[in-house]
Amino acid sequence: MTDRPKTPDSVPQTANAMWGGRFAAGPDAIMTAINASIGFDRRLYAQDIRGSRAHAAMLAAQGIISTNDAEAIREGLLTVLSEIEAGNFPFSEALEDIHMNVESRLKDLIGAPAGRLHTARSRNDQVATDFRLWVRDQCDAAITGLQALITAALAQGERGADWVMPGFTHLQTAQPVTWGHHMMAYVEMFGRDLSRFQDARARMNESPLGAAALAGTGFAIDRHATAQALGFDRPMANSLDAVSDRDFALEFLSASAICAMHLSRLAEELVIWSSAQFRFVTMSDKWSTGSSIMPQKRNPDAAELLRAKIGRILGATVALFTVMKGLPLAYSKDMQEDKEQVFDAADTLMLALAAMTGMLSDLTANREKLEAAAGAGFSTATDLADWLVREAGLPFREAHHVTGALVALAEKKGCDLPDLTLTEMQTGHPAIDQSVYSVLGVHNSVASRQSYGGTAPDQVRAQIAGWRERTAKWHEKG
C-alpha cells in the first residue's frame, strides 16, 4: 500500500471546495461515502430552494446584498428547481448534500452572486429549516389522509348503525354491540391521531433560519421576515436550540407510530373477520389475492401487509430517539442520521393510510353473519344480571352468581339463555318472570345501552352526526 500524498498539489478534483484552505487533501473514498447525504436528502430540494429564496429576499431587504444579486439568485434558484423537477439536475456525491448541490449549480448559472447567498447563514440552520418544512408538509399530508380515512369509517358506521354483532373481550364473545359502534371506535382513534398531527404541526411551526451555526449572526438580519415568508408563526427563540432541535421529527414519528398501531389493530380485525370461520366481512378483489396452489383461497394480503407496517415506523422512531439521546448542544454530525428514518416512516404511513381508506371504502359487512354471531356465546348474560338487579332488587354480585348458574344450565342443555323455559329460569331465582325475555334478545340488548357513548343505535347515530359536522368543516376549509 502506498502512502496517500499530503501536498496541496495532490488534492483530488473531488475535494469539496467549501472546506476552504483548512484541509490540504481531499477525503478518502470511504469518508466521502459515509459523509455524503445527497443520496437521500435530495428529497429536501423544494424546501431548500424555498428557504434560500426567502433568505436572499431578506438579505436584499436589509441591504446586506444588492437587489440585483438577490434577483439573480431568485431566478437562478427557480432554474435549479425546474431542472430537478424535470429530472435533469446533475446531483454530485462529492458535494455531499442537497444544500451544496443547489449552491454549486446556482454558481454555474449566475456566477459570483451565488456566493452571497450563504451570507448570515450556516448549513446548520439551513438543514434545520429545510427538514422542519418537509416534516410540516408531511403532517399536512397525514392530516389529509386521516380525514379521508375517518370519512370512510363514518360511512361504514352510518350504514350499519343498528346492525348487531358480537362485541369481544379477550377475543371471546362478551356483549352484543352494533357494527356502527365498532366502526365509530376507530373513528375516535383516528380522530386522536388527527389531533396529534395537528398539535405537532402547531408546535413545530417556528423558524430556525437565521440561527446560523449555533450563536446567531452579526449581520442585521430580519428573522421575523423569513419566518413569515416560509409560513412559520415566529422564529425560534434560542439559536442553540434552533440548530440542535429534532423534537419536531420525533413528534411526527411518535404520532405516526401511534397511528400505525391503530391501523394495525383494524387490519388485524379485518384479517380475522374475513376468514372462513367468521365471514363477518368480505374484502373486495382490489384488496385481496389468491393462492398459487389453492384455488379456493381469498387472502387479505393488503390488510396483513398493513398490519406489519407498524414495525418500520416504530423502528424509525426508536432509531431517531437513539441518535438524539446523548448529543450535547449544539449540532453534531450524528444528526444527519435523522432524515432516512423520517423519510421511510412518512412514506410508509401515507401508503398505509391510503390502503386502509381504500379497504374500508370497498368493504362489505355481512349483516346476516354479524347478527347470527351476536347472540352466540351467551352474549346477553349481562342483560339478565342487570334485569335481576333492576327488577328483582338483587345485589349485583348475587345477580352475577344467579346468571352464571343459568348460563351453566343452558350450556348443559346445549341452548342459549332465551331458549330456557320460565320454569328453568326460576330455578336460578324465583323472582324471575316472563318479562325477563324482553331483555334477552340482542336487539333489545343493544337498544338498552343508552348511556352516553353506548352502543344503542340512537347513540351511534348521535356520534356520527357530531363527526359529520366536523368533516363538513374540513371540506369547507378545502
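The values are calculated or read from the model by the stated rules, or taken from the named source; none is laboratory data. Since this is a predicted model, take the numbers as computed values, not measurements. In this analysis, Cβ positions are derived from the backbone assuming ideal geometry, glycine residues included, and neighbour counts consider all displayed protein chains. When the accessible area is computed, the model is the full protein with side chains, heavy atoms only, and any ligands, DNA or RNA have been set aside. Shrake-Rupley method; radii C 1.70, N 1.55, O 1.52, S 1.80 Å.
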Taking the range 372-401 and keeping only residues that are within 18 Å of residue 415 (Cβ to Cβ) and part of a helix (DSSP H, G or I), one is left with 372, 373, 374, 381, 383, 384
The range 220-239, residues that are within 29 Å of the chain's Cα centre (by Cα), small (Gly, Ala, Ser) and part of a helix (DSSP H, G or I):
227, 229
Cβ pairs under 7 Å, 6+ apart, first in the range 361-376 and of a type in the set (D, E, K, R), second surrounded by fewer than 17 Cβ atoms within 10 Å (Cβ to Cβ):
362/284; 362/286; 369/279
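Restrict the check to the range 251-259 and report whether at least one residue is in contact with a strand residue (DSSP E or B) (Cβ under 9 Å, 6 or more places away or on another chain), outside any loop (DSSP other than H, G, I, E, B) and modelled with pLDDT of 95 or more.
Going through the range 251-259, the residues in contact with a strand residue (DSSP E or B) (Cβ under 9 Å, 6 or more places away or on another chain) turn out to be none.
No: the range 251-259 contains no residue that is in contact with a strand residue (DSSP E or B) (Cβ under 9 Å, 6 or more places away or on another chain), outside any loop (DSSP other than H, G, I, E, B) and modelled with pLDDT of 95 or more.
In the range 240-256, how many residues are open to solvent by 10 Å² or more (accessible area, probe 1.4 Å) and either within 30 Å of residue 188 (Cα to Cα) or touching a Ser or Thr at 6+ places or on another chain (Cβ under 9 Å) (or both)?
Pass one, the range 240-256, residues open to solvent by 10 Å² or more (accessible area, probe 1.4 Å): 240-241, 244-245, 247, 250-251, 254.
Pick out the ones that are also either within 30 Å of residue 188 (Cα to Cα) or touching a Ser or Thr at 6+ places or on another chain (Cβ under 9 Å) (or both) and you get 244, 247, 250-251, 254.
Residues that pass the stated criteria total 5.
Which one is least open to solvent (accessible area, probe 1.4 Å), of the residues in the range 193-219 that are assigned to a helix (DSSP H, G or I), farther than 16 Å from residue 152 by Cα and not aliphatic (A, V, I, L, M)? Step through it out loud before you land on a result.
From the range 193-219, those assigned to a helix (DSSP H, G or I) are 193-204; that's our starting set.
Subset that is farther than 16 Å from residue 152 by Cα: 195-204.
Now narrow it down to the ones that are not aliphatic (A, V, I, L, M): 195-199, 201, 203.
Working: 195: 45, 196: 70, 197: 0, 198: 83, 199: 81, 201: 65, 203: 137 Å².
It comes out as 197.
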Of the residues in the range 391-434, those that are more than 19 Å from residue 375 (Cβ to Cβ) and of a type in the set (Gly, Ala, Ser) come to 392, 393, 399, 405, 428, 431
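Please list, ordered by residue number, the helices (runs of 4 or more DSSP H) wholly in the range 51-166 having 1 or more residues that are modelled with pLDDT of 95 or more and more than 29 Å from the chain's Cα centre (by Cα). Spell out how you get there, then give the answer.
Values: elements: 67-86, 98-110, 123-159.
Per the criteria, 67-86, 98-110.
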Got a number for residues in the range 294-338 being open to solvent by 50 Å² or more (accessible area, probe 1.4 Å), over 16 Å from residue 351 (Cα atoms) and among the acidic types (Asp, Glu)?
2
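To keep it simple, each residue is scored yes or no on (1) of a type in the set (Lys, Arg); (2) farther than 30 Å from residue 242 by Cβ.
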| residue | (1), (2) |
| --- | --- |
| 113 | no, no |
| 120 | no, no |
| 136 | yes, no |
| 146 | no, no |
| 150 | no, yes |
| 171 | no, yes |
| 180 | no, yes |
The range 160-192: number of residues that are open to solvent by 40 Å² or more (accessible area, probe 1.4 Å) and touching a Pro at 6+ places or on another chain (Cβ under 7 Å):
2
In the range 433-467, residue surrounded by the most Cβ atoms within 10 Å (Cβ to Cβ) [restricted to those that are assigned to a loop (DSSP other than H, G, I, E, B) and modelled with pLDDT of 90 or more]:
455
Go through the range 406-432 and report how many residues are surrounded by 18 or more Cβ atoms within 10 Å (Cβ to Cβ) and at positive phi.
0
Has the range 353-366 got at least one residue that is charged (D, E, K, R), open to solvent by 10 Å² or more (accessible area, probe 1.4 Å) and in contact with a Leu (Cβ under 8 Å, 6 or more places away or on another chain)?
no
If residue 141 passes every condition in (1) within 23 Å of residue 454 (Cβ to Cβ); (2) among the small types (Gly, Ala, Ser); (3) open to solvent by 10 Å² or more (accessible area, probe 1.4 Å) but one, which one does it miss?
(1)
Condition broken by residue 190, with the remaining ones in (1) in contact (Cβ under 8 Å) with a residue 40 or more places away in the chain; (2) aromatic (Phe, Trp, Tyr); (3) under 21 Å from residue 338 (Cβ atoms) satisfied
(3)
State whether the residues of the range 170-177 include one that is closer than 30 Å to residue 145 by Cα and touching a Leu at 6+ places or on another chain (Cβ under 9 Å).
no
The lone condition residue 268 fails out of (1) farther than 30 Å from residue 363 by Cα; (2) open to solvent by 30 Å² or more (accessible area, probe 1.4 Å); (3) under 21 Å from the mean Cα position of the chain (by Cα) is (1)
